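Nothing in this text is a laboratory measurement; each read-out follows from the coordinates by a stated rule. Just so it is clear, the structure is predicted and the values come from calculations on it, not from any experiment.
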Ligand code: NDP
């Protein structure tokens with residue numbers, strides 16, 4: 001019987017996930033279909049899931065915390081970071097996972113000899129990815145426009161700064177990552193330019209989690225001759241890991257990758 005999947009978000013119309021997953025279902029011969037669903041009220045996530053008779057979903061902005069609360073069983077990592085972006089139904093129960101963070105970790109693994117990482121931004125994506133980076137031995141420092149969102153990072157033992165405090169920092173960083181939405185729908189940089197002009201030159205590489213766009217941050221990094229990458233691989237890898245959960249690990253990572261990456265050239 002055909003199994004149904006979807007992405008829940010608001011907005012959701014521009015999501016690449018339906019194309020990524022449908023290409024993989026087709027390419028691998030799995031009897032599944034993946035749609036998009038505009039979920040306006042996150043508190044209705046669980047009933048909507050069952051009303052639509054879905055087998056699994058991905059969840060995007062702004063519902064990752066609602067997704068966390070909707071689950072009956074949480075993967076230990078999703079539990080730790082408080083954010084779920086993948087849910088699978090098994091025998092009437094909802095199982096929640098976070099695939100953004102392992103997807104991100106894999107996406108930056110091409111950059112070698114990296115120890116010190118500077119996160120520009122302290123939102124939900126920074127939260128889950130900082131925890132996984134720390135677990136595998138990276139040293140993460142977080143700088144954010146406003147103080148409020150830094151509290152979680154302080155509690156978790158990360159070094160944190162607001163733009164104003166950062167003047168006291170004398171470190172250099174190997175990898176600079178834009179974790180904000182600055183540059184997504186505007187031409188803004190994630191921090192004042194003076195900060196970037198100081199941290200980019202000594203860095204080995206610069207990464208943006210925004211995908212499919214040469215953001216002002218990436219342009220500035222390239223002007224300094226740095227190796228750069230956007231968020232496309234992160235999107236691809238979180239999708240592959242979600243697909244593994246959707247299909248109960250019936251296919252290898254590379255088999256899924258071969259099919260799913262076609263979504264990025266269509
Ligand atoms: P959140 O809304 O949780 O956090 C947004 C962060 O960006 C906050 O730290 C906020 O700072 C900061 N910010 C927003 N606008 C500006 C600005 N103009 N200048 C400086 N700081 C700014 O967002 P998410 O963590 O969910 O998403 C962050 C980015 O990650 C988005 O661009 C999203 O598209 C991308 N993303 C990419 C994925 C991929 O697969 N490639 C997966 C998931 C997310 P403040 O606290 O001061 O408001």
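Some notes on this structure:
- Alpha-carbon spread of the range 195-247, three principal axes, descending order, Å: 45, 19, 17
- Cα-based helix-to-principal-axis angle, 124-135 vs the chain, degrees rounded to 10: 80 degrees
- Our analysis of the chain gives Rg over Rh at 0.98, with the two radii drawn from alpha carbon positions and Rh computed by the Kirkwood formula.
- Working note: 222 nm ellipticity from helices only, DSSP H runs with n ≥ 4, each -39,500 (n - 2.57), summed and divided by the residues of the chain, gives -10000 deg cm²/dmol to the nearest 500.
- Euclidean distance of C-alpha centroids, the range 190-266 and the range 90-151, integer Å: 13 Å
- For the range 102-230, the mean projected area of the C-alpha convex hull, equal to one quarter of the hull surface, is 7.2 nm².
- Among 191, 162, 170, the largest mean-square fluctuation in a Gaussian network model of the chain (Cα springs under 10 Å) belongs to 170.
- Computed over the range 1-140, the convex hull of the alpha-carbon atoms projects to a mean area of 9.4 nm².
- Counted over the chain, the DSSP beta bridges are approximately 20% antiparallel.
- Note on the chain: GNM, Cα springs under 10 Å; of 43, 221, 17, the largest mean-square fluctuation is that of 43.
- Degrees separating the helix 17-28 axis from the principal Cα axis of the chain, which is the longest one: 60 degrees
- DSSP beta bridges in the range 71-152 [antiparallel fraction, %, rounded to 5]: 40 percent
- For the options 151, 203, 101, a Gaussian network treatment of the chain with springs between C-alpha atoms closer than 10 Å singles out 151 as fluctuating the most.
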